[in-house]
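I have placed the structure first, in the form of structure tokens, so that the comments after it can refer back to it.
The values are calculated or read from the model by the stated rules, or taken from the named source; none is laboratory data. Just so you know, these numbers come straight off a predicted model, no measurement behind them. Note that each Cβ is placed from the backbone with ideal geometry, even for glycine, and that neighbours are counted across all protein chains shown.
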Amino acid sequence: MTLIAFQDPLGQLPTPASTFAEEVDPLFTFLTVISIFFFTLILVVLVYSAIRYRRRRPDQPPASQMTHNTTLEVVWTLIPTVILMVTFAWGLKGNLDQQIVPADARAYTVEAWKWAWAFHHPGDDPNNPQTAAEDLYCEIGVPVRITMTSRDVLHSLYIPAFRVKRDVVPGVRQILWFRPTELGTYDLFCAEYCGDGHSLMRRKVHVVDAETFAKKPWIDIPQTPEGRGEKWYTQAGCIACHSLTDQITVGPVFKGIWMRPGQLQSGESYVADADYIRNSIRNPASQLVAGRPNWVAGAMPQFTEAQLTDEQIDDLIAWMKTLK
Amino acid sequence: MSGHATIVTPTPEGFRPHAVAHHFKTAEQEFQAGKLGFWLFLATEIMLFGGLFAAYFLYHGVYAETFRVGGSTLNWHLGAFNTVLLLTSSWTMAMAVRASQLSNRKALIGFLSLTWLCAAGFMVVKYFEYTYKFSHGIGPGYFFAPEGHYAELFAGLPFPNLYFALYFTMTGIHGLHVLVGMGLIAWLIVRSSKGHFHSGFYTPVELVGLYWHVVDLIWIFLFPLLYLVP
Amino acid sequence: MTTHTPAIETAPSATRKEPSYLDVTKGFWSWAGTLDHKRIGIMYLVGVTAAFLCGGLLALLIRLHLWTPEGMLFENGVYNQVFTLHGVFMVFLFIIPAIPASIGNFVLPLMLGAPDVALPRLNLASFYLWLVGSILTVYSIITGAVDTGWTFYTPYSIETQTSVLSMGLAIFVLGFSSIFTGLNFIVTIHKMRARGQGWFKMPLFCWAIYATSVLQVLATPVLGVTVLLLAFEHIYNIGIFDPAYGGDPILFQHFFWFYSHPAVYIMILPAMGVISEVVSVHSRKPLFGYKLIAFSSISIAVISFLVWGHHMYTSGQSEFVMMAFSFLTMLVAIPTAIKVFSWVATIWGGSVALSAPMLYAISFIIIFTIGGLTGVFLGALSVDIHLHDTYFVVAHFHAVMMGSTALAFFAGIHHWWPKMFGVMYDERLAKISAVLILIGFNVTFLPQFKMGSLGMPRRYATYVEQFQIYHQVSTVGAMILGVGFALMLGYLLHSLVAGRRARANEWGGVTLDWHTPTPPNLYNFDDEPVMAGKLYDYTELDISPTGEATFKAHKSTATVGSKA
């Protein structure tokens, strides 16, 4: 802990929990100290000269007419140049480490979409949406390599405690790696703006010891269909738009949704039965509800069998029946 | 300073005199200001097309085979013919500028008309090229649904739509510039017939001439990149 | 009508030979159809101020919404539209045209001793294009607003159901407005300088405007083609930026930042120019290191074309590319540092008037230093990975844009207000508002630096509770800022109806703009100015014990040197 205190003596950064913090934090501290020094210097000279040389009577001539001083100008060009070059090299070195993935890293995958993350841990079938985990679990000291894809727009996976961030780009496989160093639970954010649910793409990263990790804590599938439905509700990202209270966030609220009548944009009326719900997930554009502003009307993404299985939808429907 | 006399440039017999705008000290200053401003405008045109060329080179690098096949579907004979038309029109445009400097009204109108006709010919050829492609389901964006032998040709190639997206965007924006140029040349013809341009004042002819050469120049790059894809 | 003729008494003084530009003609059409650079500048001033007020109100709504972690005011989607509109108003309608098109339009020809800009009709066209762009922006709000952020990143901007098309068109039109202004100023500087005024006898404001104009002319067309392609994506899925059609969304970012990074300097360079003038006049001292400042403007303009990739460190560029962008980013910081040191050295040993414009200029130097230093954090590769897209970035660019450019704009307005309208505002109130704004800015944005370092991502409608205290302090700061700006608007408008008559040379400036009658004539000068003396030569002035400044050689004619 003394080492950590040395890295970030001013407490500007979140608690460090990966090896990258050892690179980033000292540079951040160096820059903070340099900035405070130069800011204070400029402020003091500025305020001092503004007061010392202030115009006391309207016709007061300036105390000096000096407009040029080569030595001074060379000095104040060279000093920033040297500091900036040091900063550049230091930042580059830290970044190189972030690019080179160790060979023994454990392979994870994550798929992002509006608005959820689906983490697949080592040993999962990345093509089975039922094994996707909401939260990320990793073992202390063991490097993690995440292959990231996006189903729709840009996202960005950001774990402040690990000092890592990488954009998730549709059509491209992006790689992110880190080596966690402290046990605990940390925030994981989406850092690239992706629409209404952007700020709801918040998850947790759990750094656990080897014994806990071996028990695969991310596999936690409830026994009852209703229980599973609730899990899929969070994991598939329904939660970002469909609230369980009376408050509409983006899409229709799920509270009391089962067999609720309503009207479509086409003017037809509908009842939220199993067929309606299934079709809303598989082909949302075919039955948009009326009465919502145009910018949210098309917000519901389409889920294919590979993204949400028929059994998962059955579970969701079973769970929806319980929402009163 | 508001009181200074209006400067009128020397005007040959039978032409309309040109009064220098109030805020310029000399006719030369006015001419040079107009010309510098126009060169800067042409720089913006180059930057605009530069963006499109950058996109072309990027995707040509990624989908080389697609671009080769896409390019092979264009009729390079027509492209070459259009290139000759534009090169000719650049020459007639240069001659028109010369004619205006010599206060030769007849030659000025003649060369401007020839330039206009070449431009019109270019657009006619472009029209036939476009309609032929459209009739075979080749269009930009979601108009891209190739039919017949095109469908076979593109089968299995990644994203042939991208080549045509760039083809239609680049030639479309270029064609728009040709149309604007035709409008400007027509405007010059009308003013020339009224005797507005002569050795003492030919700035508009000179500037439209510059514009026309740049439009020509851009085509010189478009033709090999789109029709003769390596 | 976007403006009105202010009710000011400008009865001809003893030295006045002609009516001022405000009095020479009257009525709506005399303004709407004017070719006079000063009136066009004033119309721009009214326009950009209106845009600033709209953007500012949106900013206050954003800050209020973020008072609680769940968000106090809006649904998420509406919040996204509010911050997008705040960005669009502030960037495209306010900051980019603010200094060049309003102050620049008014002052540049005066400083060059010219009767007008080189291309007056293009100047008016530029204003009307700005107006059309503003109307299109408002139209896109009415037809469903935009929720993409001002950066319009694809593919989100392709998928969204909001009015990206009309907003794109608005930006295309505004781009042309900006290009026309820049083009006009380059030609004006090349061709319209007074006799005797060589390049190094130009005030530094002209150098700054020149560098800005080069950027406007060369970078803006790339924005034009980018929004054009984005519009094609919306109309018929052209696919160039859409991965579903084989396109590359990262290409959009390259295009966008190829414009928008130079655009950052389009915003800050004119601000530096204003500060150079204000600091010199109010210290009654020539600028320290004139040539170094002039060259630093030009070198900033050149390097700024080569650093756009530092906005994309997390997008997966190759290490080599990132290294190059990081290195060049560090280089651009050097001329910036030189300018700050030079301003401070100018004040050192001067006769420093702690007037309202000077207080704004000092606030600028303080906040700009914060903005510049935090920029170095973001240029350093490994640190930026952590800070990218957090509130640290938000606070950094607000320090540069709002705390610096907007403050320089207000410093300039206060400095040239007596020249523009021939009246003076209440300086006591002006000083109070300058101090309020300096305090308000720091209370708003210092907590944002802190929460950004702690990992608070930007563009969040809701947030985790640990950040609430920082958000609340920031909101309080924004309210202080709001009060400061409201006060400023009040006393400036009040001065137009009841301000005291300004002195002929209110602050004792010596550049050619201060040689015109106050306010200037329709064609600016009584006689054609010839620049015989040195630049920034304050010994040309006689200062009376009451502070009345008159030129020694030509006390009555407002001409430099002699008319040859």
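As for the range A:262-276, it holds no residue that is of a type in the set (Phe, Trp, Tyr) and in contact (Cβ under 8 Å) with a residue 24 or more places away in the chain. Looking at C:403, C:379, just one residue is small (Gly, Ala, Ser), surrounded by 24 or more Cβ atoms within 10 Å (Cβ to Cβ) and either in contact with an Asp or Glu (Cβ under 8 Å, 6 or more places away or on another chain) or free of Cβ contacts under 8 Å to residues at least 60 places away in the same chain (or both), and that residue is C:403.
The selection criterion, being over 17 Å from residue C:137 (Cα atoms) and at pLDDT 90 or above, holds for residue C:183.
Taking the condition free of Cβ contacts under 8 Å to residues at least 24 places away in the same chain, loosely packed, with under 15 Cβ neighbours inside 10 Å and within 22 Å of residue B:61 (Cβ to Cβ), does residue B:156 pass? For residue B:156, the condition - free of Cβ contacts under 8 Å to residues at least 24 places away in the same chain, loosely packed, with under 15 Cβ neighbours inside 10 Å and within 22 Å of residue B:61 (Cβ to Cβ) - is met. Those strands (runs of 3 or more DSSP E) of the range A:147-186 that lie entirely within it include none in which at least 3 residues are within 8 Å of chain C (Cβ to nearest Cβ), among the aromatic types (Phe, Trp, Tyr) and more than 12 Å from residue A:20 (Cα to Cα). If the condition is being exposed (fewer than 13 other Cβ atoms within 10 Å of the Cβ) and touching a strand residue (DSSP E or B) at 6+ places or on another chain (Cβ under 8 Å), then the range A:260-310 contributes A:261, A:263, A:269, A:271, A:291. Do we find that residue B:36 is touching a residue at least 40 places away in the same chain (Cβ under 8 Å) and in a helix (DSSP H, G or I) in this structure? Here the answer is no, as residue B:36 does not meet what is asked. If you filter the range C:121-144 down to residues that are within 17 Å of residue C:90 (Cα to Cα) and within 14 Å of chain A (Cβ to nearest Cβ), you find that the one that is surrounded by the most Cβ atoms within 10 Å (Cβ to Cβ) is C:140.
Conditions tested, residue by residue: (1) within 7 Å of chain C (Cβ to nearest Cβ); (2) among the aliphatic types (A, V, I, L, M); (3) closer than 29 Å to residue C:388 by Cα.
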{"site": "A:44", "(1), (2), (3)": "no, yes, no"}
{"site": "A:48", "(1), (2), (3)": "no, no, no"}
{"site": "A:68", "(1), (2), (3)": "yes, no, no"}
{"site": "A:75", "(1), (2), (3)": "no, yes, no"}
{"site": "A:82", "(1), (2), (3)": "no, yes, yes"}
{"site": "A:92", "(1), (2), (3)": "yes, yes, yes"}
{"site": "A:109", "(1), (2), (3)": "no, no, yes"}
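The single condition from (1) over 27 Å from residue B:117 (Cα atoms); (2) buried (at least 19 other Cβ atoms within 10 Å of the Cβ); (3) touching a Lys or Arg at 6+ places or on another chain (Cβ under 8 Å) that residue B:23 fails is (3). On the stretch given as the range C:276-310, residues that are outside any helix (DSSP H, G or I) and either in contact with a Pro (Cβ under 8 Å, 6 or more places away or on another chain) or hydrophobic (A, V, I, L, M, F, W, C) (or both) total 5.
Here C:457, C:447 are screened, and the one residue that is touching a Cys at 6+ places or on another chain (Cβ under 9 Å) and of a type outside the set (Lys, Arg) is C:457. If I filter the range C:505-532 down to residues being part of a helix (DSSP H, G or I) and within 15 Å of residue C:422 (Cα to Cα), which single residue comes out as nearest to the chain's Cα centre (by Cα)? The extreme case among them is C:513.
Tell me, yes or no, whether the range C:348-355 has at least one residue that is more than 7 Å from every other protein chain (Cβ to nearest Cβ), within 23 Å of the chain's Cα centre (by Cα) and part of a helix (DSSP H, G or I). Looking through the range C:348-355, none of the residues is more than 7 Å from every other protein chain (Cβ to nearest Cβ), within 23 Å of the chain's Cα centre (by Cα) and part of a helix (DSSP H, G or I).
When the residues of the range C:186-206 are filtered to those that are in contact (Cβ under 8 Å) with a residue 24 or more places away in the chain, in a loop (DSSP other than H, G, I, E, B) and not polar (S, T, N, Q), the one that is nearest to residue C:342 (Cα to Cα) is C:203. Among residues that are over 30 Å from residue A:148 (Cβ atoms) and among the charged types (D, E, K, R), residue C:277 is included. Scanning the range C:375-389 for residues that are in contact with a helix residue (DSSP H, G or I) (Cβ under 8 Å, 6 or more places away or on another chain) and facing chain A (nearest Cβ under 7 Å) turns up C:376, C:377, C:380, C:381, C:382, C:383, C:385, C:386, C:388. For residue C:341, state whether it is farther than 30 Å from residue A:50 by Cβ and at the interface with chain A (Cβ under 7 Å from one of its Cβ atoms). Considered against the rule, which asks whether it is farther than 30 Å from residue A:50 by Cβ and at the interface with chain A (Cβ under 7 Å from one of its Cβ atoms), residue C:341 comes out as no.
Condition (residue is crowded, with 16+ Cβ neighbours inside 10 Å, within 10 Å of another protein chain (Cβ to nearest Cβ) and within 30 Å of residue C:192 (Cβ to Cβ)) applied to the range B:63-79: is it met by at least one residue? There is no residue in the range B:63-79 that is crowded, with 16+ Cβ neighbours inside 10 Å, within 10 Å of another protein chain (Cβ to nearest Cβ) and within 30 Å of residue C:192 (Cβ to Cβ). Taking the criterion of being in a helix (DSSP H, G or I), among the aliphatic types (A, V, I, L, M) and farther than 24 Å from residue A:157 by Cα, the residues of the range A:193-249 that qualify are A:210, A:214. Of (1) within 11 Å of chain C (Cβ to nearest Cβ); (2) within 26 Å of the chain's Cα centre (by Cα), residue B:129 satisfies all except one. Which? Status for residue B:129: all satisfied but (1). Within the range C:162-181, the presence of at least one residue that is farther than 24 Å from residue C:254 by Cα, within 14 Å of chain B (Cβ to nearest Cβ) and touching a Pro at 6+ places or on another chain (Cβ under 7 Å) is confirmed. Of the residues that make up the range A:196-213, is at least one free of Cβ contacts under 8 Å to residues at least 40 places away in the same chain, of a type outside the set (D, E, K, R), within 14 Å of another protein chain (Cβ to nearest Cβ) and out of contact with any Lys or Arg (no Cβ under 6 Å at 6 or more places or on another chain)? Yes, the range A:196-213 contains a residue that is free of Cβ contacts under 8 Å to residues at least 40 places away in the same chain, of a type outside the set (D, E, K, R), within 14 Å of another protein chain (Cβ to nearest Cβ) and out of contact with any Lys or Arg (no Cβ under 6 Å at 6 or more places or on another chain).
Regarding residue C:239, is this residue more than 11 Å from chain B (Cβ to nearest Cβ), at pLDDT below 95 and out of contact with any Ser or Thr (no Cβ under 6 Å at 6 or more places or on another chain)? No.
Could you check the range C:312-338 and list, in sequence order, the residues that are of a type outside the set (D, E, K, R), without any contact (Cβ under 8 Å) to a residue 40 or more places away in the chain and at the interface with another protein chain (Cβ under 8 Å from one of its Cβ atoms)? Listed by number, the residues that qualify are C:327, C:331, C:334, C:337.
Residues considered: C:83, C:74. Of these, the only one that is within 13 Å of another protein chain (Cβ to nearest Cβ), over 22 Å from residue B:32 (Cβ atoms), part of a helix (DSSP H, G or I) and over 19 Å from the mean Cα position of the chain (by Cα) is C:83. Would it be correct to say that residue B:39 is within 11 Å of another protein chain (Cβ to nearest Cβ) and surrounded by fewer than 16 Cβ atoms within 10 Å (Cβ to Cβ)? Answer is yes for this residue.
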